[in-house]
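Here the structure comes first, spelled out in structure tokens, and everything after it is commentary.
The values are calculated or read from the model by the stated rules, or taken from the named source; none is laboratory data. Keep in mind that this is a model prediction, so the values were computed, not measured. Here the Cβ is made from the backbone with ideal geometry for all residues, glycine too, and neighbour counts use every protein chain on show.
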């Protein structure tokens, strides 16, 4: 008889462990607590770990983050049923098809191994020991030998099949991961935002990982369990159909109870996750707010808040534990009922049905074989759902059309400063929200242009269209006299450079980050870029010069320093059109001054379009372009626009703070 | 390692004896009943099944008794499992709570400097991953104890059934244990590799999509694909390696007991034929083999979890060993006088020791151990408004923290109201000296709570503080005014608004010495002027302002120029600008900044 808990162990292999969180990741998560940036699907590993350690999984902080709504492209497949997902998934990942074939083979082999033993017991007991001719050594040893050889053979076959299956599925998943990653980078970034980015990261990471766990283990388990259940009942029916029917009826209530308990237990787990998240943010608060806690002697108050969170987590865990504790013995108990009933019925009436001793004993062992898969299958089905959901989302990404297509006969862009000519241009997000409408604009080569407007006026989108990060839905954007849709990506990268405000840096050295502006450049040229911008002093001040690591997302550098690197990178690229999304974050005065000067040098001999957040940029520009609600409402030199008394004049007045000086500002005056 | 592991387990059991002993009892009941079930099955085979189907016939009461015995044993076993699981979990959760509280208590008691020395991530990891790992080994503990009991009782019962069959068992148990051990050892490396590569993939995807704009504008797609492919290929290789071990060992661990049963059948049949064994005895032995397959694995999990737990406990003990800041108790020590307080620094020296940095500017250049302040001497008269001016990263904030008594100087004395802070009553220092920080920290709580921290404060005082800090209007426009709950770390309010709230919080105590550490840097210059004007008019206090706006500096009675860790010059702004070149250079930078902003 197999105790029901056997599956707690079968489930788990040492690979499936709670992730060790490294410190950076934790920091990251602490940050994410407030921006809810990341979408992380529940990790089915937890379920496995839980089975091993007999209790609810401990911290999984990424899961309390709110999950973003499905984006339109993902929604397209949201209605697809499991079979449809499987069909499309296998079409998109042909390598997996081979994996599925191996999986089914493996399941049949494993099931055969599990069913072989009871059959062997029956044969030997009925024919080898209790047969008409009594003990038949030849028969017994012969069958035992056959049994042993079969088991070893099935083992070798299972091993071979499993390894081939893992090879096939892992190749498939690698291909799938790369395809999704590649596809994401080919999508337009016009609609990128924090939430969407988080969701995309989850596609390439946790969704594929979930699928990997499923293909490596869950899928096998699912099919093995099904085959074992069907097979065991089949063999039972051969011995006696009445006992089989009785056993089925006894197990039937489990089909109701187990999913019910499972649901409750999952709800309890959600509560645990909430409580864990709460504890985590309380602890984070006590660390990041350490100085306030001390300055105001809030130790007692902080302590009681922490205690409350810790207690809540404890209670939630204990509650979840109760479900875990009761759920697993349940199938064991039903198994015992089935055993007792089989013995009673089998002995009382079996003789009349022609039931042999060995057959009944084998029947009892078969009930034992059933326990594990029966207890397990609810959970495996649950995991299947999760894996399919992930797969569905992956397919959704792949199904998203690429909206910036390369031209068949591309044109190069001229060298030197580039003029801009925008004609009747409109742009809308894929969901139809209009962003820019009827934009007509002519800007001479070499001009310094400031684009201003309220948040949401479309000025940032305009900048992205100038770099062809998206295509207009109507009208044209001509740069250097050429429609951007006719240009090559290579030409655009050489001639047009966007310097985003966040000063994003890769986690490598200062030098490598600058070199991305022109990968062929040598260290001398990288250094020259700094010299040209008069930023060499900054470089010389770095402990390792160009080789100084910038840290994750440039975290070792201040905001201003990251901008310095971004400017040097732009300088190295030597573009004819520079599109600058100005930073809004505060920079210390020394760096600020250097940046202003470097920017002036960088602009020399190029057309520069700045998405301006500062008054000084607009004041210094040759032309100011004013966006309002997706349209260009004004353009001209600063002084003219101020004198005109329109939208710009109002913006200018609020910049100067004159409205606040009058004291009529309603409140949000920063 | 094993000895320390045992200490860890014993510590958990001893700290929470009640749940642990209940779990252990449950485990014992479970173990005995697991073996008991095989005995019952054997007996039922001999007493019910064989005679019943063999033609001898059997009484109905015997049949019923047999069936009931099977169910009863299973019921007891289930009860054992419930206790083992529930209280086993409870033990570890109790222990987790114990560790949480220990760590948290330490965090609240250690000096502020501790937080500068350790990155936030590390500190969070102690309270999260380390605590988790420290309690993880407790979870498989009751089951492991049950496993040992099962092996012992199973061996004994096998010996009673048939000594020959026991020999087969004795051969099987160690084989299972060894195979399991080899398995966990082998898979350790690929498992760690999988984890590392999964982390790589995630880091690259994160970075790559965060920088999607840069990737696109610089045409780095191929480079990014290569990077991801490299990591993902590593992950694939590791997964396949792990899969090979899993494919080798998992079915083997399944097959081994089955093979044992085949051997039992062969030998057992012969023993049955000689009359040394009944069929029931054989059935019992076979059932036992099925029971035995997994407890050996549970012990394996415990052994695997233990080293991690021991390392985590070591780290946690390191945290707990951090000495708390030595301060007189509240109410002890000399109280500060009332009214505007004079401030004196006498030869004050301070250095951060082993600072890891928390993102403060200037930390990158490795300031560990470098003195921030050195022989810093200054005096501020009661009621004076003094601007403290210094280049970025030259110790302005440190000086403010020292004066607010959040840090202790390495040498020298700080006197507020004539009292050395080292001997002053901490409660009176907190009342008398208020520091408004540059990065205002707001708790996830209502604004009122963030201002008063639950102390009973008159409504008029709150209104006054908000008004002086020019926070009154925007608070009035919030949907719930003072009951507005701050989003996590104050994200729903702008930087300037948060600064003004933090300032109001400091003002609420009507301090005799007010320290503004760049506390209005994010506030609009016009508003800042109004606030500083309000301060002068409605609060009788000594004020030290760290500032880098000329307009702010101009408002001060006097300017202190901090350079090279000491006060390099003191006087009016225009005097210093004319006579001190380093100050003049800094002032010029501020001027240009202001022109640009």
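If you take the residues of segment A:508-527 that are away from chain B (no Cβ under 12 Å) and not in a loop (DSSP other than H, G, I, E, B), which of them is surrounded by the fewest Cβ atoms within 10 Å (Cβ to Cβ)?
First, the residues of segment A:508-527 that are away from chain B (no Cβ under 12 Å): A:509, A:511, A:520-527.
The next check asks that each one be not in a loop (DSSP other than H, G, I, E, B); those that pass are A:509, A:511, A:523-527.
Working: A:509: 18, A:511: 22, A:523: 13, A:524: 9, A:525: 14, A:526: 23, A:527: 20.
Among them, the one singled out is A:524.
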Can you tell me which residues in segment A:133-145 are under 60 Å from the mean Cα position of the chain (by Cα) and free of Cβ contacts under 8 Å to residues at least 24 places away in the same chain? A:139, A:140, A:141, A:142, A:143, A:145
Going through B:65, B:34 one at a time, which residue ends up being free of Cβ contacts under 8 Å to residues at least 24 places away in the same chain and in a helix (DSSP H, G or I)? B:65
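Select, from A:283, A:292, the only residue that is crowded, with 22+ Cβ neighbours inside 10 Å, within 12 Å of chain B (Cβ to nearest Cβ) and either modelled with pLDDT of 85 or more or under 30 Å from residue B:94 (Cα atoms) (or both).
A:283
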Conditions first: (1) under 14 Å from residue B:317 (Cα atoms); (2) surrounded by fewer than 23 Cβ atoms within 10 Å (Cβ to Cβ); (3) more than 8 Å from chain A (Cβ to nearest Cβ). Residue B:134 passes all but one, so which condition is the exception? (2)
Quick one: in segment B:565-584, of everything that is crowded, with 16+ Cβ neighbours inside 10 Å and out of contact with any strand residue (DSSP E or B) (no Cβ under 6 Å at 6 or more places or on another chain), which residue is modelled with the lowest pLDDT? B:577
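Here is a check on your reading of the model: is residue A:386 touching a helix residue (DSSP H, G or I) at 6+ places or on another chain (Cβ under 6 Å) and in the same structural domain as residue A:186 (by TED's automatic domain parsing)?
Yes; evaluated as a whole, the condition is true for this residue.
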Check segment B:137-147 and report whether any residue there is more than 20 Å from residue B:14 (Cα to Cα), more than 10 Å from chain A (Cβ to nearest Cβ) and modelled with pLDDT of 90 or more. no
Candidates B:108, B:75, B:53 - the one that is under 30 Å from residue A:293 (Cα atoms) and either without any contact (Cβ under 8 Å) to a residue 60 or more places away in the chain or assigned by TED's automatic domain parsing to the domain that holds residue B:129 (or both): B:108
Scan segment A:247-272 residue by residue and report those that are modelled with pLDDT of 90 or more and surrounded by 13 or more Cβ atoms within 10 Å (Cβ to Cβ). A:247, A:248, A:250
Can you find even one residue in segment B:343-351 that is more than 22 Å from residue B:428 (Cβ to Cβ), outside any loop (DSSP other than H, G, I, E, B), at pLDDT 80 or above and touching a helix residue (DSSP H, G or I) at 6+ places or on another chain (Cβ under 7 Å)? yes
Name, by its number, the condition in (1) facing chain A (nearest Cβ under 7 Å); (2) modelled with pLDDT under 85; (3) within 14 Å of residue A:507 (Cα to Cα) that does not hold for residue B:208. (1)
Quick check on segment B:256-270: of everything there that is within 12 Å of residue A:137 (Cβ to Cβ) and surrounded by fewer than 23 Cβ atoms within 10 Å (Cβ to Cβ), which residue is farthest from the other protein chains (Cβ to nearest Cβ)? B:267
Checking the conditions here, which among A:136, A:197, A:186 is within 30 Å of residue A:111 (Cβ to Cβ) and modelled with pLDDT under 85? A:136
Looking only at strands (runs of 3 or more DSSP E) that fall completely inside segment B:385-439, which ones have 1 or more residues that are in the same structural domain as residue B:573 (by TED's automatic domain parsing), farther than 20 Å from residue A:298 by Cα and modelled with pLDDT of 80 or more? B:385-389, B:411-416
What are the residues in segment A:336-354 that are more than 12 Å from residue B:63 (Cα to Cα), facing another protein chain (nearest Cβ under 7 Å) and modelled with pLDDT of 80 or more, if any? A:336, A:337, A:339
What about residue A:413, is it in contact (Cβ under 8 Å) with a residue 24 or more places away in the chain and in contact with a strand residue (DSSP E or B) (Cβ under 8 Å, 6 or more places away or on another chain)? yes
Does segment B:212-232 contain any residue that is under 17 Å from residue A:216 (Cβ atoms), more than 7 Å from every other protein chain (Cβ to nearest Cβ) and without any contact (Cβ under 8 Å) to a residue 60 or more places away in the chain? no
Residue within segment B:272-290 that is farther than 30 Å from residue A:499 by Cα, at the interface with chain A (Cβ under 9 Å from one of its Cβ atoms) and out of contact with any helix residue (DSSP H, G or I) (no Cβ under 8 Å at 6 or more places or on another chain) present: yes
Just wondering, is there one or more residues in segment A:138-146 that are under 22 Å from residue B:281 (Cβ atoms), surrounded by fewer than 18 Cβ atoms within 10 Å (Cβ to Cβ) and assigned by TED's automatic domain parsing to the domain that holds residue A:214? yes
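Checking the structure you have, find out if any residue of segment A:496-507 is in contact with a strand residue (DSSP E or B) (Cβ under 6 Å, 6 or more places away or on another chain) and part of a loop (DSSP other than H, G, I, E, B).
yes
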Considering only residues that are within 14 Å of another protein chain (Cβ to nearest Cβ) and over 37 Å from the mean Cα position of the chain (by Cα), look in segment B:452-471 and name the one that is surrounded by the fewest Cβ atoms within 10 Å (Cβ to Cβ). B:467
Among the residues of segment B:112-131, which ones are assigned to a helix (DSSP H, G or I) and within 7 Å of chain A (Cβ to nearest Cβ)? B:115, B:120, B:121, B:122, B:123, B:124, B:125, B:127, B:128, B:129
